[in-house]
Structures are given as structure tokens and as C-alpha cells.
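What follows is calculated from the coordinates using simple rules that are stated; it is not laboratory data. All values derive from a computational prediction rather than experimental measurement. Neighbour counts are summed over all protein chains in view; Cβ atoms, including those assigned to glycine, are modelled from backbone coordinates with ideal geometry.
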Amino acid sequence: MKQVTQRLIGLALLGWLVACAPTPSPSPTIVKETVTVIVRETVPVTVPVPVTVTPSPTPTPKRGGTLVIARVEEVSGLDPHKHSTPASLRAIELMYDTLLTFDQNLQVIPHLAETWKWSEDGKALTMTLRPNIKFHNGDALSAEDVKYTFERILDEKTLAAARSFFTDIERIEVTDARTVVFRLKRVNAALPVAFAHPNAAIVSKKFVTSGGSFNKESVGTGAFKLVRWEPGRALTLAAHKDFWMPGLPRLDGIEFRTVLDETAALAGLRARTFDMALLSDWRVVLRAGASNPPLMITRTRALGYAVMMLNPSRRVLSDVRVRQAIACALDRQEVLDIAALGEGQVTGPLTPPYYRMNVNDLFCYQKNWDKARQLLTDAGRASGLRFKIMVPSDNLTLTTAAQNIQAQLRKVGVETDLEVLEPGVYGDRWYKADFDAALASPNGYPDPDVMLTPYWHSAGEINRIVNYRDAELDKLLEQGRTTLEPEKRKPIYDQIQKKLAEAAPWVWLFAGYDYRVLQPYVKGFTPLPNGSLIYARDIWLDK
């Protein structure tokens with residue numbers, strides 16, 4: 001008798017979701033799907049299924065209207081250089097532009113910089129800005145604004161989230177109104193990708209030096225500008241009428257509304273209060289798929305990931321053997337199956353496909369209770385080990401993961417207390433490193449240096465929260481940054497991942513999917529694996 005596993009159900013649902021989505025081209029296409037079915041004696045049979053999709057004629061994009069987006073996470077602030085939570089980044093990237101950006105395949109492409117050119121020795125990068133770009137207040141963008149932006153990021157007093165990306169910059173030269181040269185101390189292979197990070201967005205020198213408030217006004221060059229921010233309620237943006245991309249944005253504005261949980265977001269979608277929702281819980285997505293009238297769903301493999309952050313500065317977790325025991329005690333696939341219904345894959349420290357490692361090559365990625373108990377015994381903690389796990393109340397996936405981790409650790413004699421905190425309290429304590437352990441879902445990034453250095457280099461901005469430092473790890477990170485060829489970089493980052501997994505300052509769990517649920521009249525949306533909404537400038541409402 002045929003048995004279909006839960007993951008196959010997920011694949012079938014994905015095929016249904018894709019079939020329901022609007023097709024981008026008027027030409028018929030043939031899509032080949034592969035479905036694995038387990039039959040008698042569990043013999044795997046691979047069956048190619050050709051699916052013919054006949055698209056409807058593509059309508060002409062309409063202009064106007066306000067897109068209302070529901071999300072659970074609240075913005076922490078709108079200074080593009082200081083705030084790096086996902087909710088803040090999604091707003092910042094709509095109001096502020098970077099020199100370079102990503103296309104739909106996460107390849108670096110020009111943005112505010114029309115061209116860029118390396119010197120022969122790789123220690124000078126010349127950027128030429130596009131002409132006639134205006135800030136939201138009507139001022140012209142110049143190379144002086146670019147120079148000021150990166151001087152501000154590099155100033156330690158700014159506490160810029162992306163400072164560590166740019167510490168190889170020795171000086172910045174302005175040669176004319178549209179040309180800026182970055183002189184480097186050494187070769188930096190990650191620099192172009194770093195220039196595409198939202199926390200490297202270009203700001204107006206005049207606005208900042210005159211005391212402007214980012215939380216009250218935006219003077220960026222992005223497709224949308226700030227109207228008002230009501231913390232805990234809504235963030236309202238209006239179209240930048242002088243945006244430098246002809247014909248964009250198509251919308252008059254975007255309004256982000258903060259909701260209590262993802263179930264509330266789905267209820268608002270069904271009531272047509274919201275046009276779009278940013279979701280992470282597959283349970284809610286499944287319910288959205290059963291809505292009548294139907295909703296559109298996009299599913300994109302995320303670079304972000306779920307992790308249990310252990311704080312080595314706390315006495316209870318300072319011994320590496322205790323942290324290793326915790327890692328060995330966990331069945332990470334079980335955490336994934338329980339918390340996210342199997343939607344994703346167990347991951348190591350890096351999630352970009354090229355740099356992702358086979359987790360079987362990492363320390364204790366297979367549950368080993370005997371080894372966990374022995375490590376605890378060796379550390380003198382065979383009994384009585386107890387610590388607290390902090391988790392945000394607005395993330396059902398993480399709270400469910402925390403409950404499963406609590407149950408698993410109990411089987412090796414480790415007791416935990418769950419602290420389910422309101423998001424604002426959770427965020428404040430996280431930034432102060434005021435926790436024993438924390439369940440979190442950090443952003444991923446296409447480049448391994450940009451993804452790892454802020455956390456794991458001893459000079460990284462977020463290292464003060466991580467509280468783990470290793471001189472050899474610093475050297476490997478610096479070596480990875482200065483190595484240009486991807487095939488030579490990969491072994492370096494493999495070593496880094498192995499060191500991190502063995503030291504276990506964090507226990508990496510899984511990388512899942514980003515889901516966007518939209519009304520059928522929302523057209524032109526392009527999801528990206530890094531969660532970015534930058535292509536919201538292309539969205540239009542067919543109503």
C-alpha cells in the first residue's frame with residue numbers, strides 16, 4: 001500500500017501554490033516536476049510529471065493605490081546604519097538605496113553606482129554614480145554624500161551595524177560630483193556584496209549633519225519616503241515622485257501594519273483588510289492556501305535560519321563541554337519537523353547554497369545521548385544543570401522549537417526554563433546580551449564574510465552579544481575576506497563552520513522558507529531568498 005510522507009504532501013501543496021500563482025510570460029511553458037513515492041518494500045520510484053501551464057494574457061500594469069502589508073515583527077528604528085532587525089531592514093531598503101544591489105538570482109548589479117571598477121592590484125575601487133538622482137527633499141545626490149555615508153558607518157561612535165564590512169577601507173576620495181574612490185588596506189573579496197547591504201544605504205550628508213531624525217523623516221533616494229511611523233501600530237510610506245527609475249514605483253504608497261500574530265494577519269487577508277502578509281509559520285500558510293476566495297502564496301527558500309544562541313559569558317554555559325553536550329543531545333531534524341512541519345533543512349552556520357556544508361561533516365549533528373551525558377560528566381555537570389531559554393512571543397515557530405528543545409534536553413538530565421517575552425522586551429534583552437540562551441532567527445546573506453564577520457570576528461559589531469572570541473577564527477575570517485576565488489574561499493569557510501560547530505557557542509537548527517501571501521489582484525511582486533522587499537517598487541494593484 002502506498003505511503004506518502006509529510007514532505008511529499010508539502011511538495012504537492014507547493015505545486016498547487018505555484019499553479020495558482022500568476023504567470024509572468026504570455027508564452028506557454030512546460031514544467032517538469034519530480035515526485036518521489038514510496039511503495040512496497042519502501043522501494044523509491046521517481047516519476048517525472050509534465051505539467052502544461054497555459055497563461056492568461058498579461059494585463060497592462062496600473063498605477064496608484066496603497067499596498068497594505070501585515071507583519072508580526074515591529075520596526076526597531078529607521079536609521080539605515082544602526083538598525084538591522086528584519087522589520088527595520090524591510091522598511092529601510094524601500095526608503096534608502098545602496099550603491100550596488102541584487103538581482104532576482106542574488107547576483108550583484110549596479111544601483112546608485114552606474115559602474116564600478118577595480119584597480120589592477122585590487123586595492124582601489126572606483127564607483128561612478130548615476131546622474132540626476134534626487135533625495136526625497138529634492139537635493140541632488142553627490143559623491144560627497146557617499147563619502148560621508150561610509151565615514152559615518154566607519155565611525156565607532158555611530159555603532160553602525162555594518163561597520164565590520166568596511167574596515168578594510170583606508171580612505172575615501174571624491175574626484176568629481178559623481179565619482180568616488182575607495183582606497184583599501186588590502187584586497188577584500190566581499191566588498192561588492194557588502195555595498196549591497198541595506199545597512200550600507202546612502203544618506204544625505206546635509207540631513208544628518210543638520211540634526212535630522214530618521215524616525216520622523218526620510219531623506220533617502222529610495223522608491224518610497226516616510227510619511228509617519230506609529231510604533232506598535234503602523235509605518236506609512238508614500239511614493240517618491242522623483243525616483244530615478246522611470247515609471248516606478250507604480251504604487252502611491254505602502255503601509256506596514258503590525259499585527260498580534262500570523263493568525264490575525266490571515267484573518268485580515270480574508271477580510272481584505274490587508275493586501276499582503278509576511279509569514280513564517282507553515283501552519284498558517286496551509287490555512288491561507290485553503291481560503292475562499294483563493295489567496296496567492298509565494299514560497300522562497302530563505303537564507304535566514306533558526307538558531308539557539310548560547311551565551312558563553314554565563315557561568316552555566318562557559319564550559320565548552322556543556323555547550324557541546326547540549327548540541328549532541330538534540331535531534332535537529334525533530335526540531336524542524338515539530339516547529340516547522342519539516343519545511344526546511346537542518347543547517348550549519350552558512351546557508352548560501354555554494355557555501356552550505358553537509359551537516360554530517362559537522363560536530364555532533366546526529367543526536368548522541370551517550371556522548372552528551374559523557375560530556376556533562378566530564379564537565380562535572382552530570383546532574384543539576386539548568387538554564388533559561390529566551391524566546392519571542394510573536395514567533396510560533398521559535399516558541400514551538402523551544403518547547404521541543406526543552407523536552408529533548410530533559411532526556412539527558414538538562415532542565416530549562418522558557419522565557420516567552422513580548423518582542424520589545426526580548427529585543428532589549430538580546431541587545432544587552434541579557435540571556436542564558438535565546439531562540440532567534442537571524443538574517444542570512446549571500447556572501448559568507450558579510451554573514452559571519454559581524455558575529456564571529458572579535459571586532460565585529462555583534463560580537464559583544466555573541467560573547468565568543470577565538471584568535472584562530474579571526475585569522476580564518478580575515479583570510480576568507482581577502483581570498484578572491486570562490487573555489488579557494490570555500491575550504492576556508494568550511495574550516496570556520498567546523499570550528500563554530502565544535503565550539504558550540506550557538507546550536508544552529510534549520511533554514512526554512514519565507515512565505516508571502518497576497519491578494520490575487522497584487523501583481524508584479526518578486527520575492528528574494530534574503531527576504532528583501534526591494535522589488536516592491538514594481539508591484540501594482542489590478543483593481
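The phi-based Karplus calculation (6.51 cos²θ - 1.76 cosθ + 1.60; θ = phi - 60°) puts the 3J(HN,Hα) values of segment 438-445 at 9, 7, 8, 9, x, 6, x, 8 Hz, whole numbers, x for Gly and Pro. A cut-off of 5 Å between modelled amide H atoms, ignoring neighbours fewer than 5 places along the same chain, links Arg228 with Thr236. Rounded to the nearest whole Hz, the Karplus-based 3J(HN,Hα) values (6.51 cos²θ - 1.76 cosθ + 1.60, θ = phi - 60°) of segment 250-256 follow the sequence 7, 7, 7, x, 9, 10, 8, with x at glycine and proline.
Multiplying the residue separation of Thr179 and Ser318 by 0.36 nm and subtracting their alpha-carbon distance yields 45.1 nm. Amide H to amide H distances under 5 Å link Glu419 with Ile389, Met390, Val391, where only residues 5 or more positions off or on other chains count and H is placed in the peptide plane. On the beta carbon distance between Arg301 and Glu217, with R0 = 51 Å, the FRET formula returns roughly 0.90. Could you work out how far the C-alpha centroid of segment 364-410 sits from that of segment 173-212, in angstrom? Measuring centre to centre over Cα atoms gives 43 Å.
Scattering from segment 106-203 was approximated by placing one identical point on each alpha carbon and applying the Debye formula without solvent; log10 I(q)/I(0) at 0.21 1/Å stands at -1.17. Note on Ala290 and Lys488: their simple-model spin labels are 5.6 nm apart, each label 7 Å out from Cα toward Cβ.
Amide H contacts under 5 Å for Thr101: Ile109, His111, restricted to partners 5 or more places along the chain or on a different chain, H placed in the peptide plane at 1.01 Å from N. Between Asp103 and Asp139, take the C-beta separation as r, use R0 = 35 Å, and let me know the FRET efficiency to the nearest 0.05. For Asp103 and Asp139, the calculated efficiency is 0.75.
Annotation: lysines with alpha-carbon distance below 19 angstrom to Lys62 (same-chain offsets under eight excluded): Lys241, Lys523, Lys543.
With kT/(6 pi eta Rh) evaluated at 20 °C and eta = 1.002 mPa s, and Rh the Kirkwood radius from Cα pairs, segment 306-511 diffuses with a coefficient of 125 µm²/s according to Stokes-Einstein.
Quick check: from the Cα gyration tensor, does segment 434-524 come out rounded (a/c under 1.5), prolate or oblate?
Values: a/c = 2.40, a/b = 1.46, b/c = 1.64.
Cα axes put segment 434-524 in the oblate bin.
Residues in segment 131-143 carry Karplus couplings, in order, of x, 6, 9, 10, 6, 4, 8, x, 5, 7, 6, 9, 4 Hz; the curve used is 6.51 cos²θ - 1.76 cosθ + 1.60 with θ = phi - 60°, and Gly or Pro positions show x. Working from label points 7 Å from Cα in the Cα-to-Cβ sense, the Ser458 to Lys388 distance is 3.0 nm. Taking 20 Å as the cut-off, the amide N atoms of segment 504-538 that come nearer than this to a point 7 Å along the Cα-to-beta-carbon line of Ala271 belong to 517-521.
Take the Cα of Ala471, step 7 Å toward its Cβ, do the same at Ala407, and the gap between the two points is 4.6 nm. Here the Debye sum runs over all C-alpha atoms of the chain as equal scatterers in vacuum, and log10 of I(q)/I(0) at q = 0.05, 0.08, 0.13 Å⁻¹ comes out as -0.21, -0.55, -1.45. Taking 31 Å as the limit for the C-alpha separation, the pairs Lys157/Lys225; Lys82/Lys371; Lys117/Lys488 exceed it in the case of Lys82/Lys371.
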